[in-house]
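*Asks:* One structure, pasted below without further comment.
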Amino acid sequence: MLFPKQKLQGKRIVLVKAKKSFKMAKLHIAEVQDSLPELSPWLNWATSKYKIEDSYEYLLECEKKWKERVDFTYVIATRKIPFMGTISAMVNEDNKCVEIGYWISTKYAGNGYMQEAVLLLEKEFFGLGFNRIFIRTDVLNTQSANVAKKCGYVFEGVFRQSLWVVAEKRYADVNFFSKLKSEYVGKE
């Protein structure tokens, strides 16, 4: 597999390979802390105990996984905003499929930025020869599910109680959405 591009340019946003630096860790942790009430029900790592050291370690892990060709994490940014959230493509080379995972700071949510990020990422990975891209969301996370729907992903069903939500001490049902390369509207 070829490596994906380290920078993907959209109309309003840019996706840039996540790199370890204390500057980036500071930007990351600031958006996480500002968005904790909205993130913690869906992301087990998003807690008040998540500190800058954790953020730096996460960015270090992102670089390691990029080199290993298993997980490609991008920072979502604009010309004026250096960090809005992240989006990742977790690849399964054997099955030619990719799982997309994402989060965006609360102050940027609801403006279509994540939808644009998903479409940029799918263009890159379908272009690299992958056949299937999927997105999983907690059934209660309607905003995240709406991103998948607006991007044309097909709802395939619910995985019952397949996720443990630490913050709420509950099992979550998970929506499963996918898109096949043959359904990709941006194809040449």
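*Asks:* Quick one: give the max-minus-min coordinate of the C-alpha atoms of segment 105-188 along each principal axis, largest first, in Å.
*Replies:* If we take the Cα atoms of segment 105-188, the spans are 46, 30, 18 Å.
*Asks:* Still on this structure: In whole Hz, with x marking every Gly and Pro, tabulate ³J(HN,Hα) for segment 73-80 from phi via Karplus 6.51 cos²θ - 1.76 cosθ + 1.60, θ = phi - 60°.
*Replies:* 9, 10, 8, 8, 8, 10, 4, 9
*Asks:* Roughly what would the spin-label model give for residue 61 and residue 180, points 7 Å off Cα along C-beta, in nm?
*Replies:* The two pseudo-label positions are separated by 3.4 nm.
*Asks:* Suppose the chain between residue 128 and residue 14 were pulled fully straight at 0.36 nm per residue; how much longer would it get relative to their current alpha carbon spacing? Spell out each step's value before the answer.
*Replies:* Working: separation 114, 0.36 × 114 = 41.04 nm, distance 1.89 nm.
That pair, residue 128 and residue 14, stretches by 39.2 nm at full extension.
*Asks:* Starting from the Cα of residue 34, move 7 Å in the Cα-to-Cβ direction to define the label point; list residues of segment 67-110 whose amide nitrogen is under 14 Å from there.
*Replies:* 76-78, 80-86, 104-110
*Asks:* Between residue 155 and residue 168, what length in nm is gained on full extension when 0.36 nm per residue of separation is reduced by their alpha carbon distance? It would help to have the intermediate numbers written out before the result.
*Replies:* On the way: separation 13, 0.36 × 13 = 4.68 nm, distance 2.53 nm.
Additional length available on full extension: 2.2 nm.
*Asks:* Same structure, new question: Working out 0.36 nm times the residue gap between residue 49 and residue 142, then minus their Cα-Cα distance, what length gain in nm do you get to one decimal?
*Replies:* Working: separation 93, 0.36 × 93 = 33.48 nm, distance 2.58 nm.
Extra length available between residue 49 and residue 142 comes to 30.9 nm.
*Asks:* Beyond 30 Å between alpha-carbons counts as too far, so tell me which of 17/181; 7/149; 23/149 fall in that bin. Working shown, then result.
*Replies:* Numbers: 17/181 24 Å; 7/149 25 Å; 23/149 34 Å.
Distance filter (> 30 Å) returns 23/149.
*Asks:* Per-residue ellipticity at 222 nm for the chain, helices alone: DSSP H runs ≥ 4 residues times -39500 (n - 2.57), over residue total, nearest 500 deg cm²/dmol? Could you put the intermediate results ahead of the total?
*Replies:* Details: 5 runs with 58 residues, N = 188.
One gets -9500 deg cm²/dmol as the mean residue ellipticity at 222 nm.
*Asks:* Turning to a different aspect of this structure: Calculate I(q)/I(0) for the chain by the Debye formula, one identical point scatterer on each C-alpha and no solvent, and give its log10 at q = 0.16, 0.17, 0.19 Å⁻¹ to two decimals.
*Replies:* -1.05, -1.20, -1.51
*Asks:* Just report the Cα centroid separation between segment 77-130 and segment 16-61, whole Å.
*Replies:* Here the two parts' Cα centres lie 17 Å apart.
None of the figures in this text is laboratory data; all of them are computed from the coordinates on show. All values derive from a computational prediction rather than experimental measurement. Quick reminder, even Gly has a Cβ in these numbers, built from the backbone with ideal geometry, and neighbours come from all protein chains shown.
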